[in-house]
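To start, the structure under review is shown below, and the notes come after it.
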Amino acid sequence: MTTLNGRRALVTGGASGIGAATVRALVTAGADVTIATRDPRRADALRADNVHVRALDLADLDSVAGFTWDGPLDVLVANAGVMALPTRQLSPQGWELQLATNYLGHFALALGLHPHLAAAGDARLVVVSSGAYRNGPFDFDDPQFARRRYEPFLAYAQSKTATLLFTVGAAGRWAADGIVANAVNPGYVHTELQRHLDDDTMRAFGAMDEAGNLVTPDYYRTPEQAAATSLLLATATTTGGYYEDGHEVAPEPFASDPEAADRLWRLGEDTVLR
């Protein structure tokens, strides 16, 4: 059994779904956990002596910049996300909202918390990605869909490719600080992440019947099953990997290219640090 006694963890989007399951798993393993969420009231049911809740809007870099931490941080789980927004929306900083939330906000948060992760001496960065990344490489020429036609799932795929490239960049840059960085695909799970999907799309997934009732196909996982790999990576010793169902798998070359990872890192820094 994974033991995290005395370890301090931060989980973004930890008020519901896979995030909440991850919080419960970390607490069961002995960790002291802080939930970062846009609406702290939604995490009330999870509050406990070893579970704390703080406000954070990952889509707004001003909110991320105002998020502070005291002392070492042992585990950062970049779990929060948004999927398939039906129309192109922009963050306060002008980034396409899925990319701003899923990638840029987590990049900015990890960058700001880097001294605290380094202070832990053997910290873990767990980035929750998605198998949907396979549908879209990162478009450095038009990442915000300013010129190309906006497509909800393509924008989602690009944002998740960005999370994998972020993991590659963090693993290479922060290894000397003892920071282990890995990404995880949690698979298909019934959560609020699907709230923007229409009924036809849900039926195409096999996750809704003709009457509009949610059904659970065999390939779907429970939130607890999806959170299991994140818990595993909270103590991983190898870095820079991409995991599914507790096993490391090779991602597509465009999502693991060190040159693309370096280019995206510079783009992130240019935005966050300007």
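Just so you know, all these numbers are worked out from the coordinates, no wet-lab data involved. All values derive from a computational prediction rather than experimental measurement. For neighbour counting, all protein chains shown are included, and Cβ atoms are generated from backbone atoms with ideal geometry for every residue, glycine included.
One table, with the values for the structure above:
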{"quantity": "3J(HN,Hα) from dihedral phi, the range 258-266, Karplus parametrisation 6.51/-1.76/1.60, rounded to Hz, x for glycine, proline", "calculated": "x, 5, 5, 4, 5, 5, 5, 4, 5"}
{"quantity": "Contour minus Cα-Cα distance for residue 148 and residue 252 (0.36 nm per residue)", "calculated": "35.1 nm"}
{"quantity": "Beta bridge orientation in the chain: antiparallel %, DSSP, nearest 5", "calculated": "20"}
{"quantity": "Neighbourhood net charge (12 Å Cβ-Cβ; Lys/Arg +1, Asp/Glu -1) for residue 5", "calculated": "0"}
{"quantity": "Amide hydrogen neighbours beyond the local backbone of residue 180, cut-off 5 Å, H modeled", "calculated": "123, 124, 125"}
{"quantity": "Longest to shortest principal axis, alpha-carbon extents of the chain, angstrom", "calculated": "48, 40, 35"}
{"quantity": "Estimated distance in nm for a label pair at residue 62 and residue 262, the labels positioned 7 Å out from Cα along Cα-to-Cβ", "calculated": "3.6"}
{"quantity": "Pairwise label distance in nanometres, residue 271 with residue 85, each label 7 Å out on the Cα-Cβ vector", "calculated": "1.1"}
{"quantity": "Selection from 170, 135, 52 lying farthest towards where the dipole of the chain points positive, charges on Cβ", "calculated": "52"}
{"quantity": "Full-extension gain in nm, residue 176 to residue 2, via 0.36 nm per residue minus C-alpha separation", "calculated": "60.2 nm"}
{"quantity": "Contact order relative to length of the chain, as percent, for alpha carbon pairs under 8 angstrom and 6 or more apart", "calculated": "19"}
{"quantity": "Counting DSSP beta bridges with both ends in the range 36-158, the antiparallel % (nearest 5)", "calculated": "25"}
{"quantity": "Charge tally in the Cβ shell below 9 Å around residue 105, where Lys, Arg are +1 and Asp, Glu are -1, residue 105 excluded", "calculated": "-2"}
{"quantity": "Extension gain, residue 55 back to residue 218 (0.36 nm per residue minus Cα-Cα distance, nm)", "calculated": "55.1 nm"}
{"quantity": "Net charge of Cβ neighbours under 12 Å - reference residue 122; Lys, Arg +1; Asp, Glu -1", "calculated": "0"}
{"quantity": "Cα-Cα separations in the range 1-127 greater than 22 Å, expressed as whole percent", "calculated": "33"}
{"quantity": "Using θ = phi - 60° and Karplus 6.51 cos²θ - 1.76 cosθ + 1.60, couplings along the range 80-93 (whole Hz; Gly, Pro as x)", "calculated": "4, x, 9, 9, 6, 4, x, 10, 5, 10, 10, 6, x, 8"}
{"quantity": "Projected label distance in nm at residue 225 and residue 141, using a 7 Å step from Cα toward the beta-carbon", "calculated": "4.1"}
{"quantity": "Vicinal HN-Hα couplings computed from phi for the range 163-173 (Karplus, 6.51 cos²θ - 1.76 cosθ + 1.60; Hz; Gly/Pro x)", "calculated": "5, 5, 5, 4, 4, 4, x, 5, 4, x, 6"}
